[in-house]
Amino acid sequence: MYVIYLAWCSNISNKIYRIRLKIISVMLNLFSLTEFEKKVLIETSKIKRGNTISYSQLAKKIGCINGQRAVGNALNKNPLPIIIPCHRVVGSKKIGGYKFGNEIKRIFIFLRV
């Protein structure tokens, strides 16, 4: 019974995740972002809670090798910074920037928001 419940919860969680990605995709179309910026934000929205990724790793994921600065600039234009978790993208040596300040970014990462 417990295993079935866990499977059911996992299934619900996956459905919610897919719905969230669809909503984000639709919302991004409403804003005047470039295709590159949309690609960065969609990939950023896939970062799971409690995880972080570097700017260069994100750039490689979207096929823009050595595009970490461009990724950072795209994240700076994030119209939904809490919903699209741009605070989960960090530098390889430093934490990187954040629209609301680096201290807030550190807190969000620590709290696994």
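All of the numbers you see were taken from the coordinates with simple rules; none came from a lab. Predicted model only: the values in this text are computed from it and were never measured. Every residue, glycine among them, receives a Cβ derived from its backbone with ideal geometry; neighbour counts consider all protein chains shown.
Around the amide H of residue 54, modelled in the peptide plane, lie the amide H atoms of 90, all under 5 Å away and 5 or more residues distant in sequence or on another chain.
Label zone of residue 100 (point 7 Å out along Cα→Cβ, amide N under 20 Å): in segment 43-80 this covers 44-53, 72-80. Here the simple spin-label model places points 7 Å from the Cα toward Cβ, and for residue 51 and residue 112 these points are separated by 1.4 nm.
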